[in-house]
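What follows is calculated from the coordinates using simple rules that are stated; it is not laboratory data. All values reported here derive from a predicted model rather than from experimental measurement. Note: ideal-geometry Cβ built from the backbone for every residue, glycine included; neighbour counts use all protein chains shown.
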Ligand SMILES: Nc1ncnc2c1ncn2[C@@H]1O[C@H](COP(=O)(O)OP(=O)(O)O)[C@@H](O)[C@H]1O
Ligand SMILES: [Mg+2]
């Protein structure tokens, strides 16, 4: 069903509800069509998954291409990655349960797949236990061989790819790379939000994936493009917003896609037909109030000192010289080395991120709350 509210806060529907990303879409499709793999990265909630959906939407009509999407965030080891990959592939290709079971048995004959049925829907599922590097390599080869039989071009998007560094197995990158390399006619989009990890996988000399993909950092949608999108969606719903108010929303949200969408979604759902800066402020305030319990729970995840550093970053908005004398004195933070340690930990917990040498609070609504309700 077509969305009632044009500002989606989860998932993808169609190009109508998707702002711009024309260049990025073209670039990814060009890479894939010419046999190049792509690594897409950016901070969280900027629109990577949405962009993959959009690319797939655009490729869907080409009959000679199979598209697969796997989110590997929930996987914890190589075995679960292969299970998730195999389930996606076979689940998409074999819609008839009998055939599905037959294929699973064939493909994983050597490693005894356990087949089960969903108690509610009766849909079949399976689990394989990968016990060695050989098992892993063999399973991957068999899945790719199976895909090759379809004689179609295959595109596989693996989202949250940085997850592989958390697997306990030692040779994950080497195993994946070796098998992916052998898979002819298959192209990949790797996507993820931990820039450092992805760069170390794909851009570090001597590592298995070194220079095997085209690196693509997703940037923010421009102020002009987002402004146009916001105005046109409100207008279509018979709501009025000036270009300066549309800009105000984008700026409040630092053009961070999810937050822009969220704030617009809320504004759109009001009965008001004119969206003013005042209404934007009031709506943002109610979002902050609603989220307050979450923000307070963040506090329990941090030490008192980390919380103070976080508050200081929120008050500054963006911090370039985080261990500078000026910043430390202004917020009474003690020594550069203790700030340094706290910052490292805040980066790790994804409370803050670093962009072009500056530090920002990850969640822009949280940033507004800290600034408003926490003293310097
Ligand atoms: N170009 C876009 N136009 C409108 N909404 C978008 C766009 N890209 C992403 N979104 C929305 O923004 C939110 C975050 O995007 P998502 O793709 O999940 O980010 P990421 O994968 O980078 O964490 C989602 O709710 C999605 O619907
Ligand atoms: Mg995502």
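Numbers at a glance
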{"quantity": "Length released on extending from residue 290 to residue 273, taking residue separation times 0.36 nm less the Cα-Cα span", "calculated": "3.8 nm"}
{"quantity": "Inter-label distance, nm, simple model (7 Å from Cα along the C-beta direction), residue 299/residue 207", "calculated": "3.8"}
{"quantity": "Rough spin-label spacing in nm, given labels placed 7 Å along Cα→Cβ, for residue 240 and residue 228", "calculated": "2.3"}
{"quantity": "Over the chain: helical MRE at 222 nm, DSSP H runs n ≥ 4 each giving -39500 (n - 2.57), nearest 500", "calculated": "-16000 deg cm²/dmol"}
{"quantity": "Shape of segment 135-225, Cα gyration tensor, a/c cut at 1.5", "calculated": "oblate"}
{"quantity": "Reciprocal of mean inverse Cα separation for segment 223-373 (Kirkwood radius, Å)", "calculated": "16.6"}
{"quantity": "Against the rule of thumb 2.2 N^0.38 Å, how large the Cα Rg of the chain comes out", "calculated": "1.12"}
{"quantity": "Crossing angle, helix 48-59 versus the chain [Cα axis fit, 0-90 degrees, rounded to tens]", "calculated": "50"}
{"quantity": "Space enclosed by the convex hull of the alpha-carbon atoms of segment 101-258, per residue, Å³", "calculated": "209"}
{"quantity": "Full-extension gain in nm, residue 80 to residue 358, via 0.36 nm per residue minus C-alpha separation", "calculated": "96.4 nm"}
{"quantity": "DSSP-defined beta bridges in segment 21-217 - what % are antiparallel, rounded to 5", "calculated": "15"}
{"quantity": "Ranked 169, 304, criterion: other C-beta atoms within 10 Å, fewest first", "calculated": "304, 169"}
{"quantity": "Segment 283-359 versus segment 105-166: alpha-carbon centroid distance in Å", "calculated": "42"}
{"quantity": "Counting DSSP beta bridges with both ends in the chain, the antiparallel % (nearest 5)", "calculated": "25"}
